[in-house]
Every structure is written in structure tokens, then in C-alpha cells.
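Structure first, then comments.
The values are calculated or read from the model by the stated rules, or taken from the named source; none is laboratory data. The shown structure was predicted, so the numbers you read here are calculated from the model rather than taken from an experiment. Note: ideal-geometry Cβ built from the backbone for every residue, glycine included; neighbour counts use all protein chains shown. These area figures cover heavy atoms from the full protein model, side chains too; ligands, DNA and RNA do not enter into them. Shrake-Rupley method; radii C 1.70, N 1.55, O 1.52, S 1.80 Å.
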Amino acid sequence: MLEIFIYSLEFIKIGLLAFGGGLATIPFLKEFGLNYQLFDLEFIVEMIAIAESTPGPIGINMASYVGYKIGGFLIAINFSLALVLPSLVVVIIIARYLKNINHHPKVQAVFKLLKPATLALISAVLIPIIKISFLKTNTILKLSIAIIMFYIYRQLKLHPILLILICGLLGLLFKL
Amino acid sequence: MVYLDLFLSFFKIGCVSFGGGYSILPFLNKHIVTTKKWCTEEELLNYYTIGQLTPGVISVNVAGFIGYKMAGVFGSVFATLGIITPSIIIISILASYLHNLNQSYLIYLLNGIKLAICILMIDNLYQLMKKNIKNYHHLLIYLGVLALTFLNISNVIIILGLLILIIGVKFNA
């Protein structure tokens, strides 16, 4: 019982300190794992690989996994909620404030200039994603499939989820 | 009821959020911006930008912002719950049935899905860049920030620095 309370606090702490994207949680997760001897770095690396492939950010995946192992589904929910609690609070505070200042033309001008920056950050994160997706095995096969599917996706205006399903099946088919 | 709507919409998006917060951008654009019209593409990007500065996971933050915009505090809560629930369920299932998360058929399936994610992200990014990088200023900021990321500088610092720069320039000009 006490463990669960302590771990919940730890996850709240991780949620509060991890800025700037999913991978930011990793150093804190590593510390948590080692301090309480729950898991080691190798496990985290496995989870990163899984987190690339399972829905959801690695933080939530880790919180859920550890929670589930300790106390089943309810504790998985518990730890995940602990992780996002700081985010929620901060977001609500900022959103409230934003509502009041958003109409100001100067604020809008600032946002307009920040947009290319955000696009750059997205582009930057795309590079390791592409590396992980294409460069490990079957690079040429994956590239070929991707190029063909890209073309089909554009031409037929496929729904994104359909694209995911088709690519998933192709993955099984070609043992990518 | 808007709370249920928020929960379900973000639940759907949470189900396909492979590969991190940015990978859901295409889905957010399709579902939230185009279908539900809960915010504009501009606002969505703004949330992503602010999300760089807020603690925690960006997909959760963006969901929170949209939720708040639609329905205040509870909207925020339901959107957040929506986006994280699929993960919790899927991981719990994986944790209970698979002792080793490395089953080969899962890996093939997921590798295929990764390709789809890349396609969707590249396509969406391309569209966004066409719309938002309209002059040399924008291009300069884009390339500058991109270069900074290669130096392993944290996103938070980059955005804060840029923010200070922009505010400094705007209020001195």
C-alpha cells in the first residue's frame, strides 16, 4: 500500500520535471527504476522500442506497465493519472490565461513567428523516427513499400487509419 | 454531451498515437480541426508550441488545451483521460499476456505501422510547411531552429530563447 503511494508521488514528480517531449521522461524513469530496483536501463531501452510501436507516449507506457505489474489494471491507471496530473494542472492554468490574451494582435504576431520553429522541432523529431523505421532491417524493401503506399495514399486520399491497417498487414506479409 | 465526445475523440486519437506526440498531428488535423472543427490548424500548432514549454507529455498537453477550449476544466480532464486510456489498456493487456514483449508477429505488424506513421507525418509536415513558411523570415527561423536541435539543445530552451528574441525585437522596433 505504502509502495503504491510512494510510486504515485514519484510519477507525479516525473510528470512535473519532464519537459519538452516524450523522451524527456527517460532520465527520470531510469532514476526511478534504479532507486527502487524495479527495472534497469536495458528494460527502458526495450520499452523505448515498444513505445515507438505501441500507442501512447513512453511515460504513460512505463507508468502503466509498472503499475500493472505491481497491482493490476487499477494501479496502472493510478500511476498513469499521477504522471499526467501536473500536466493537466499547468495546462488548465495556461489555457485560462491564454483565453484572455489570445486576442491581442501582438500575441498573435508572436505565435505566427513561432510556428516555423515548431515545424522545425517536428522535422527534427522526424529524423530519428525515420531512422528507426527504415534503417534497421529490410531498408530497401521498406523504402519501396513506403514510396508506393505514399503515392497510393495521396492518389486515393486514403483515411489515415486505413493506411495504418494496410501497412500493418504489409508488415506481417513481408515480415518487415 | 461534450465531455463524452471529447473523451471518445481523444480515445480514438490515443489509439493511433504510435511514435510520440508529434505523430498524432495528422490525426489531430483530420479529426479535431477538419471533422469536429474544435480548433483551427493555427490554434493546433500554437498548442504544440506552448506544449514545448509545459511539463509532461506533449500529446497529453495538446489534448488538455483543446479540451479546455471546448469545455473548461472538465473538458480538459476528459480529453486527457481519453488520450491516455488506450495506452493503459493496451499495455495492461500486453503486460498480462506476454512475458516477453518481443513476439515476432507483433514486431512485423508494428514495423509495418511505423512506415505508415512516417508517411503520415511527412505528408502532414509538408502541407504545414507549405502553409506556414511563406517568407525568408519564416525560412530563417525554421532552418535556425532545425540547426539548433542538432546541437542537442533542449526544446524548452530553444523555444524560450526564440520567444525572448521575438518579444525583444517586437517591443523595441
Convex hull per residue volume in Å³, alpha carbons only, for chain B: 151
Distance between the stretch A:141-176 and the stretch B:59-78 - C-alpha centres, whole angstrom: 32
Estimated buried accessible area (total), pair B and A, 1.4 Å, Å² to nearest 100: 8100
Listed residues B:Phe11, B:Phe74, B:Phe150, most fluctuating in chain B (Gaussian network, C-alpha, under 10 Å): B:Phe150
Zone residues, the stretch A:71-99, relative to B:Val73, backbone N less than 20 Å from point 7 Å out along Cα-to-Cβ: A:81-99
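Pop out the carbon and sulfur fraction of the accessible area of the stretch A:32-117 as a percent, whole number, probe 1.4 Å. Provide the component values of the computation, followed by the final result.
Working: 2490 of 3900 Å².
Whole-percent figure for carbon plus sulfur exposure: 64.
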The stretch B:51-173 - percent relative contact order, Cα under 8 Å, separation 6 or more: 19
Distance violations [Cα-Cα > 21 Å] among A:Lys69/A:Lys175; B:Lys30/B:Lys114; A:Lys142/B:Lys12: A:Lys69/A:Lys175; A:Lys142/B:Lys12
Per residue accessible area in Å² of the stretch B:27-120, where ligands, DNA and RNA are left out and the probe is 1.4 Å: 33
Residue-by-residue Karplus 3J(HN,Hα) for the stretch B:131-138, coefficients 6.51, -1.76, 1.60, Hz, glycine and proline x: 7, 10, 10, 10, 8, 5, 4, 4
Whole-number percent relative contact order across the stretch B:11-63, with pairs defined as alpha carbons under 8 Å at least 6 apart: 30
Amide H within-cut-off set for A:Phe19, under 5 Å, with H built and near neighbours excluded: B:Gly56
Phi to ³J(HN,Hα) by Karplus 6.51 cos²θ - 1.76 cosθ + 1.60 over the stretch B:3-13, Hz, x for Gly, Pro: 5, 5, 4, 4, 4, 5, 4, 6, 4, 4, 5
From phi via Karplus (6.51, -1.76, 1.60), per-residue ³J(HN,Hα) for the stretch A:87-97 in Hz, x at Gly/Pro: 4, 4, 4, 4, 4, 5, 4, 5, 4, 4, 5
Principal semi-axes in Å for the stretch A:1-127 [√(5λ), Cα gyration tensor, largest first]: 32, 19, 11
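How charged is the neighbourhood of B:Thr34? Take every other residue with its Cβ under 15 Å from the Cβ of B:Thr34, and add Lys/Arg as +1 and Asp/Glu as -1.
On the way: positive: A:Lys157, B:Lys12, B:Lys30, B:Lys36, B:Lys37, B:Lys131; negative: B:Glu41, B:Glu42, B:Glu43, B:Asp123.
So the surrounding residues net to +2.
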Gaussian network model of chain B, Cα within-10 Å springs - most flexible of B:Asn155, B:Asn111, B:Asn135: B:Asn135
List B:Ile89, A:Ile145, ordered by accessible area with a 1.4 Å probe, largest first: B:Ile89, A:Ile145
5 angstrom amide H check on B:Phe18, placed H, neighbours 5+ away: A:Gly56
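If I compute solvent accessible area with a 1.4 Å probe over the protein chains, what percent of it on chain B is carbon and sulfur? Each step should come with its number before you reach the end.
Details: 5170 of 7550 Å².
Exposed carbon and sulfur together represent 68 percent of the surface.
Give me the 1.4 Å probe accessible area per residue for the stretch A:1-140, excluding ligands and nucleic acids, in Å².
Values: 6690 Å² over 140 residues.
Normalised by residue count, the accessible surface of the stretch A:1-140 is 48 Å².
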